[in-house]
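The values are calculated or read from the model by the stated rules, or taken from the named source; none is laboratory data. Here the structure is a predicted model, which means the values were calculated and not measured. Ideal geometry is used to build each Cβ from the backbone, glycine not excepted, and the neighbour counts take in all protein chains shown. For accessibility, only protein heavy atoms count, side chains too; no ligands or nucleic acids. Shrake-Rupley method; radii C 1.70, N 1.55, O 1.52, S 1.80 Å.
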Amino acid sequence: MKINHHYSELQDSYLFANIAQKVKVYQEAHPDQHMYRMGIGDVSLPLAPSVIAALHQGVEDQAHQETFHGYLPEVGYQPLREAIQNEYAAQGIDLDVNDIFVSSGASDELGDILHLFDRDAVVMIMEPAYPAYVDANVMDGRKIIHYDGGVLPKPDPDLHPDLIYICSPNNPTGSVMTREVLKEWVDFANATDAVIIFDAAYKAFIEEDLPKSIFEIEGAKTCAIEICSFSKTAGFTGTRLGYTIVPHELVREDMVLHDMWVRNRTTRTNGVSYIIQRGAMAIFTEQGKKEWQANIAVYKQNAKYLMAALDEVGITYVGGKNAPYIWLDCPNGMTGWEFFDYLLNEVQIIGTPGEGFGACGEHNFRLSCFGDPEDTKEAGRRLVTLLKK
Ligand code: PLP
């Protein structure tokens, strides 16, 4: 038996399990205390009514001979692919509909897409980073360059990765790549034959004039794959759906990555549920858009409560404006875990220690804006009372 021993190289990065354990211990000792959950990046609001109606319609379709759908194309339900294509066209991005692959979510794709690359490929992960990037590559035994380039990292000509992860808007820092910096990465990737995996899971939060897609940048189609999710845009964390764009222009070592991905999907999946894809169609209607944008406005208001509190007590932070995360510098030289314990014990606020996103996050802390609005408002008050002392 030959087993994949790279699994034993995974760091004990059970970040959220550690947090849950600490919260459990605290709650057992203080059963009457209300907890203010600003930790994990799961949404708290339900799906938009239009999406619910479309999901019901999908179920109804499956009940009748004339509208029943069996296997769909593995790469996605064509009307949904076209709706996504139109959305990009409205932003001035011309995409071939065949380059859009409907997926069951960004997480699934972030792991699966690695099948296109050799295990000897060198991966660059800009930290602090979403932990799945590291873990998915450790499982495959790839060499990882942990790149601490600050909040808006730029390419380093001395480093030669084959694969480059860019997450913008960023989890955990909430920062967004400017067009100028993104262009530097695109030029770097094209010049060095690298491929960029661009994770745009949080693009719906961008309110300033910043790139929502890497394909806004000239040259990106020959070096980038874009991975998107409906989880944070439209509350699909539990419903599961996303999409990936693999441009047919992306060629490495005479292999067309788009064709490889078609072959991969048609072999390794039978596509995503018709009902869920039917539900997602409503995300692109005028009414549907209004509804999910109203949910995003609630999360943005949450961000404002927290940012106002941090401003008042003089804590420095980034994010919050074009992303649902606030990345703050822990006060008084505390580490992320020390600040976590302090907030939990003193004001019952649960956040995420920066250490969970890479060593460079040791003195940082992430607050999520996806929580309950009343709780978030109260959390803001509690932060001020505690930290103004
Ligand atoms: N990418 C980033 C940066 C995330 O933070 C998350 C989830 O938190 C995902 C991808 C996963 O998205 P999905 O729910 O579509 O799997």
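Amide H contacts for Ser104 (H built 1.01 Å from N in the peptide plane; partners 5 or more residues away or on another chain; cut-off under 5 Å): Gly242. What list of ³J(HN,Hα) values in whole Hz, one per residue of region 237-253 in order, does the Karplus curve 6.51 cos²θ - 1.76 cosθ + 1.60 (θ = phi - 60°) give from phi, with Gly and Pro shown as x? Running phi through 6.51 cos²θ - 1.76 cosθ + 1.60 with θ = phi - 60° gives 4, x, 8, 6, 6, x, 7, 10, 10, 10, x, 5, 6, 7, 10, 9, 6 Hz.
For region 233-294, the share of accessible area belonging to carbon and sulfur comes to 50 percent (1.4 Å probe, ligands and nucleic acids excluded). Amide H to amide H, with H built 1.01 Å from N, Phe365 comes under 5 Å of Leu328, Cys330, Gly354, counting only residues 5 or more places away or on other chains. Checking every one of the GluC sites (Glu not before Pro) in region 1-91 against DSSP loop status and a limit of 11 other Cβ atoms within 10 Å picks out Glu66.
Amide H contacts of Ile164 (H built 1.01 Å from N, in plane; Pro and chain starts excluded): Met124, Val195, Ile196, Ile197 sit under 5 Å, all sequence-distant by 5 or more or on other chains.
Over region 121-264, all Cα pairs binned in 5 Å intervals from 0 give whole-percent P(r) values of 2, 10, 19, 23, 23, 16, 7, 1, 0, listed from short to long.
Pairs of Cα atoms in region 1-139 fall into 10 Å distance bins, from 0 up to the last occupied one, in shares of 8, 21, 27, 25, 16, 3 percent. With N as its number of residues, region 211-290 has a Cα radius of gyration that, divided by 2.2 N^0.38 Å, comes to 1.29. Within the straight-line cut-off of under 28 Å between alpha carbons, the lysines reachable from Lys377 are Lys22, Lys24, Lys203, Lys232, Lys289, Lys290, Lys300, Lys304, Lys321, Lys388, Lys389, sequence neighbours fewer than 8 places apart in one chain being disregarded. Between Met260 and Val97, the distance separating the two model label sites (each 7 Å from Cα on the Cα→Cβ line) works out to 2.7 nm. Ligands, DNA and RNA are left out, and with a 1.4 angstrom probe the accessible area of the chain is 45 Å² per residue. Here r is the Cβ-Cβ distance between Glu312 and Gln21 and R0 is 30 Å; the resulting FRET efficiency, rounded to 0.05, is 0.40.
Just to be sure I understand: of the beta bridges DSSP finds with both ends in the chain, what percent are antiparallel, rounded to 5? Beta bridges within the chain, antiparallel portion: roughly 50 percent. Using just its DSSP H runs of length 4 or more, each adding -39500 (n - 2.57), the chain gives a mean residue ellipticity at 222 nm of -12000 deg cm²/dmol after division by all residues. Share of carbon and sulfur in the accessible area of region 126-222 stands at 50%, probe radius 1.4 Å. Computed from backbone phi, the HN-Hα couplings of region 138-146 come to 4, 4, 8, x, 7, 6, 10, 9, 8 Hz, rounded to whole numbers (Karplus: 6.51 cos²θ - 1.76 cosθ + 1.60, θ = phi - 60°; Gly and Pro given as x).
What fraction of the Cα pairs in the chain, stated in percent, has a spacing above 27 angstrom? Value for the chain: 51 percent of Cα pairs lie more than 27 Å apart. Backbone phi angles across region 23-37, fed through the Karplus curve with coefficients 6.51, -1.76 and 1.60 (θ = phi - 60°), yield HN-Hα couplings of 5, 4, 4, 5, 5, 5, 7, 9, x, 8, 7, 7, 9, 10, 8 Hz in residue order; Gly and Pro are listed as x. Measuring between their Cα centroids, region 240-275 and region 70-122 lie 6 Å from each other.
If I build a Gaussian network model for the chain, linking alpha-carbon pairs within less than 10 angstrom, which residue out of Pro153, Pro46, Pro131 has the largest mean-square fluctuation? Ranking Pro153, Pro46, Pro131 by mean-square fluctuation puts Pro46 first.
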